[in-house]
Amino acid sequence: MPLRRRPKPLERRRQPDRVTEAQRPIAPSAQAGDAVVEVAGLRYAVGRREIFTDLDFVARRGRVTAVMGPSGTGKTTLLRLITGQVAPSAGEVRMWGANVATLGQRDLFALRRRIGMLFQNGALLTDLDVFENIAFPVREHTNLTEPLLRELVLTKLHAVGLRGAARMMPAELSGGMARRVALARAVVMDPELLIYDEPFVGLDPISMGVIVRLIRQMNRVLGITSIVVSHDVHELGAIADESYLLSEGRCVASGSPDELRASDSEIVRQFLDGVADGPVPFHYPAPDYREQLFGVDDPRGRG
Ligand SMILES: Nc1ncnc2c1ncn2[C@@H]1O[C@H](COP(=O)(O)OP(=O)(O)OP(=O)(O)O)[C@@H](O)[C@H]1O
Ligand SMILES: [Mg+2]
């Protein structure tokens, strides 16, 4: 199949509208109608811990939007809010214009079907082979005949360069291969929005380059809107149209990779330059070290 050598013409023929949309240069003042995801004034707390105090975020159609931020700032939590797995304490999450919090279960499921998700660990089903892992959502949601299903699965595997691994079991795959299989599974239902949570973690530079290229291809060739959560400033710089830097419950900076690189904000500099201590402290909030060591404030130490 010529898909790998000539992906653009093939996919263009299939989805002309989306590609046209994706390739349209988007002016900085893009209209609100371009927003696939709109988060406004978001507040979210887990117990007494405030994860987000006032967060605004927009992911626009056909673009790659990056979400960066120190570990524990709430990047994964933001994805769970966007996909309606948890509800905000205040503010709004809108997907394709619909307020997620007001959707009934049926509409929420319909909305999630328009979203493909690449989980950090790949989350492949360990007792199914690669082919069946990708076929799984198709079997769940459609009544495709076996020959059509086979063509669909093999096309997606071919697109990630792993058609030859169709009958391998997840345990036989390297980390990078597993990530590519998970990507094939994430796009098998032709999602309009693709969400990646830490797609580069634990990959060698070559596998990382492969995933970067695939994310770009998924976005440009299929016209998919992408949200990429990652710490990898360098990789994000290569693929993101717009980046958001989260810290302490809100967005502290946003803009194109070039705009962020040019920023002289202390927190942006700390994050982009990889400095251990700065506005973002190295330590998670903790009681006084001496007191904790000697059990003064630790109930387990007092007994
Ligand atoms: N179900 C939960 N119960 C309690 N606390 C939670 C829960 N989920 C997340 N948190 C807390 O919310 C904060 C944000 O977590 P989250 O996983 O969103 O961070 P992250 O930015 O994705 O971090 P990382 O970069 O390490 O993946 C953390 O302090 C975490 O301890
Ligand atoms: Mg996370």
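Numbers below:
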read-out: Matching residues in region 47-73 - criterion: being modelled with pLDDT of 90 or more, within 16 Å of ligand 1 (Cβ to nearest atom) and closer than 21 Å to Thr225 by Cα; value: Leu55, Phe57, Thr65, Ala66, Val67, Met68
read-out: Among residues of region 46-65, those that are outside any loop (DSSP other than H, G, I, E, B) and either within 22 Å of Ala98 (Cα to Cα) or more than 16 Å from ligand 2 (Cβ to nearest atom) (or both), counted; value: 12
read-out: Those residues of region 213-248 which are of a type in the set (Gly, Ala, Ser) and surrounded by 19 or more Cβ atoms within 10 Å (Cβ to Cβ), in sequence order; value: Gly223, Ser226, Ser230, Ala240, Ser243, Ser247
read-out: Selection count where residues are buried (at least 22 other Cβ atoms within 10 Å of the Cβ), within 16 Å of ligand 2 (Cβ to nearest atom), outside any helix (DSSP H, G or I) and not aromatic (Phe, Trp, Tyr), scope region 148-203; value: 2
read-out: Any pair with Cβ under 8 angstrom, 6 or more apart, that starts in region 195-207 at a residue that is closer than 16 Å to Ala184 by Cα and ends at one that is more than 12 Å from ligand 1 (Cβ to nearest atom) and of a type in the set (Ser, Thr, Tyr); value: Ile195/Thr83; Ile195/Ser226; Tyr196/Ser226; Ser207/Ser174
read-out: Of all residues making up region 98-112, the number that are closer than 21 Å to Asp34 by Cβ and touching a strand residue (DSSP E or B) at 6+ places or on another chain (Cβ under 8 Å); value: 3
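The values are calculated or read from the model by the stated rules, or taken from the named source; none is laboratory data. It should be emphasised that the depicted structure is a prediction, and the values quoted were computed from it without experimental measurement. Note that each Cβ is placed from the backbone with ideal geometry, even for glycine, and that neighbours are counted across all protein chains shown.
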